[in-house]
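For reference, the structure discussed in these notes is given below.
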Amino acid sequence: MSSPAEGVPQVGGSLAQRRGGPTVLRIVLGTQLRRLRESRGITREAAGDAIRGSHAKISRMELGRVAQKERDVADLLTLYGVLDPDDRAGYLGLAKRAGTPGWWQQYSDVVPSWLETILGLEEAASVIRSYQVQFIPGLLQTPDYATAVASLGEAQGSLRDINRKVEVRLRRQQLITQPGGPKLWFVIDEAAVRRPMGGHAVMQEQIRHLITMAQLPHVTVQVAPLEAGAATAVGGPVTILRFLEPDLPDIVYLEQLTSALYLDKRADVENYMLVMDRVCTAAPDAVASMRFLERLLD
């Protein structure tokens, strides 16, 4: 048998220092475990038996959808022939760090499980491209605008829940100014900047904030005009995240009212990349978009 780690990228301690915290570490560890299993010709069913679970549990672990317990990782490493203490320590250390809670756990009462993944992925991304149809992108919302949006989704909720959702949104925005943060490229449908969320004064403040954010060197904002028509009719908001970490594929995030889809298959991602390119091409460039927003303020 070949060396246990042969052909499999190492999981050194430097990885734990990457942005994104437990979300990213879970995905990376899952990818490493899948590669180990496939290189040994072991089925998911056999791997599931080794940890007293099912093939579905192995699938969730390999996709990083759940935290990988150190005991399960240890049993899988034994099954896959990874017996060297130093190699095992790397994987087990990664499993331990991946099990630590992210900052969003303190908001678990208002943050659904399907939203937790995007919070970690945003922090780990090197590039975030987003097309928004109905609302200003969450990463660019002012507190008052965010409150108006959160109120829409809390028909039966309390003021406390609304305020906590706004806190989460503002906490997410810290990645814009953090050192080494992602490059951000937003395309916003004209209808979103004209829709009077929260009233006239709130929208004025929001548009001024868009103009201010667009002046940052790593932030691009375009406004897609209504007359762009079919070129921007993609059916809903789309966000594409790219990463420097080779074990993280490009991911398409499609958010809905009470759920979200995460797509990472190459064909799906390439299709949405083409859609995003089409939308960016149909919209005026950043300079023209800022002139439009300034006229809108007047």
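The values are calculated or read from the model by the stated rules, or taken from the named source; none is laboratory data. These numbers were taken from a predicted model, which means no experiment stands behind them. Reconstructed Cβ throughout: ideal geometry from the backbone, glycine too, with neighbour counts over all protein chains shown. Calculation scope for accessible area: heavy atoms of the full protein, side chains included, ligands and nucleic acids excluded. Shrake-Rupley method; radii C 1.70, N 1.55, O 1.52, S 1.80 Å.
In region 93-118, how many residues are in a helix (DSSP H, G or I) and of a type outside the set (Asp, Glu)?
Residues of region 93-118 that are in a helix (DSSP H, G or I), as a first pass: 93-98, 103-107, 113-118.
Next, from what is left, pick out any that are of a type outside the set (Asp, Glu): 93-98, 103-107, 113-115, 117-118.
Matching residues across region 93-118 total 16.
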**Message:** Where the second residue is assigned to a helix (DSSP H, G or I) and among the hydroxyl-bearing types (Ser, Thr, Tyr) and the first is touching a residue at least 40 places away in the same chain (Cβ under 8 Å) and lies in region 210-221, which pairs have Cβ atoms under 7 Å and are six or more apart or on separate chains?
**Reply:** Val221/Ser289
**Message:** Could you check region 260-278 and list, in sequence order, the residues that are under 15 Å from Arg129 (Cα atoms), touching a residue at least 40 places away in the same chain (Cβ under 8 Å) and under 15 Å from the mean Cα position of the chain (by Cα)?
**Reply:** Tyr262
**Request:** Specify which of the listed residues (Val275, Val279, Val252) is hydrophobic (A, V, I, L, M, F, W, C), assigned to a helix (DSSP H, G or I), farther than 17 Å from Ile136 by Cα and at pLDDT 85 or above.
**Result:** Val275
**Request:** Report whether or not Leu170 is loosely packed, with under 12 Cβ neighbours inside 10 Å, of a type in the set (A, V, I, L, M, F, W, C) and under 17 Å from Asp109 (Cα atoms).
**Result:** no
**Matching residues, region 56-84, being outside any loop (DSSP other than H, G, I, E, B), open to solvent by less than 60 Å² (accessible area, probe 1.4 Å) and either over 15 Å from Gln32 (Cα atoms) or among the polar types (S, T, N, Q) (or both)** = Ala56, Lys57, Ser59
**Every residue from region 87-102 that is within 20 Å of the chain's Cα centre (by Cα), open to solvent by 40 Å² or more (accessible area, probe 1.4 Å) and of a type outside the set (Ser, Thr, Tyr)** = Arg97, Gly99, Pro101
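Would you be able to tell me the number of residues in region 179-200 that are of a type outside the set (Lys, Arg), open to solvent by 40 Å² or more (accessible area, probe 1.4 Å) and touching a residue at least 24 places away in the same chain (Cβ under 8 Å)? Talk me through it step by step, then tell me what you get.
Within region 179-200, the subset of a type outside the set (Lys, Arg) is 179-182, 184-193, 196-200.
Add one more test, that the residue is open to solvent by 40 Å² or more (accessible area, probe 1.4 Å), and what stays is 179-180, 185, 196, 198, 200.
Right, trim to touching a residue at least 24 places away in the same chain (Cβ under 8 Å) and you get 180, 185, 198.
Looking only at that region, the number is 3.
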**Request:** Give the residues of region 35-49 that are part of a helix (DSSP H, G or I), buried (at least 17 other Cβ atoms within 10 Å of the Cβ) and touching a residue at least 24 places away in the same chain (Cβ under 8 Å), sorted by residue number.
**Result:** Leu36, Arg37, Ala47
**Request:** Test Met213 against the stated conditions and say whether it is hydrophobic (A, V, I, L, M, F, W, C), within 22 Å of Ala150 (Cβ to Cβ), open to solvent by less than 50 Å² (accessible area, probe 1.4 Å) and in a loop (DSSP other than H, G, I, E, B).
**Result:** no
**Prompt:** For Ser259, all conditions in the list (1) more than 23 Å from Thr177 (Cα to Cα); (2) touching a strand residue (DSSP E or B) at 6+ places or on another chain (Cβ under 6 Å) hold save one; what is the number of the exception?
**Reply:** (2)
**Message:** Any residue in region 127-152 that is assigned to a strand (DSSP E or B) sitting within a Cβ distance under 9 Å of a residue that is open to solvent by 20 Å² or more (accessible area, probe 1.4 Å) and among the aromatic types (Phe, Trp, Tyr)? List the pairs, counting only those 6 or more apart or interchain.
**Reply:** Val127/Trp185; Val127/Phe243; Ile128/Trp185; Arg129/Trp185; Ser130/Trp185
**Request:** Within region 178-207, track down each residue that is among the aliphatic types (A, V, I, L, M) and over 28 Å from Ser126 (Cα atoms).
**Result:** Ala191, Met197, Ala201, Val202, Met203
**Fill in**
Within region 240-249, residues surrounded by fewer than 20 Cβ atoms within 10 Å (Cβ to Cβ) and either modelled with pLDDT under 90 or in a loop (DSSP other than H, G, I, E, B) (or both) come out as Leu244, Glu245, Pro246, Asp247, Pro249
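When you look at Glu205, is it part of a helix (DSSP H, G or I) and either under 30 Å from Leu33 (Cβ atoms) or open to solvent by 50 Å² or more (accessible area, probe 1.4 Å) (or both), yes or no?
yes
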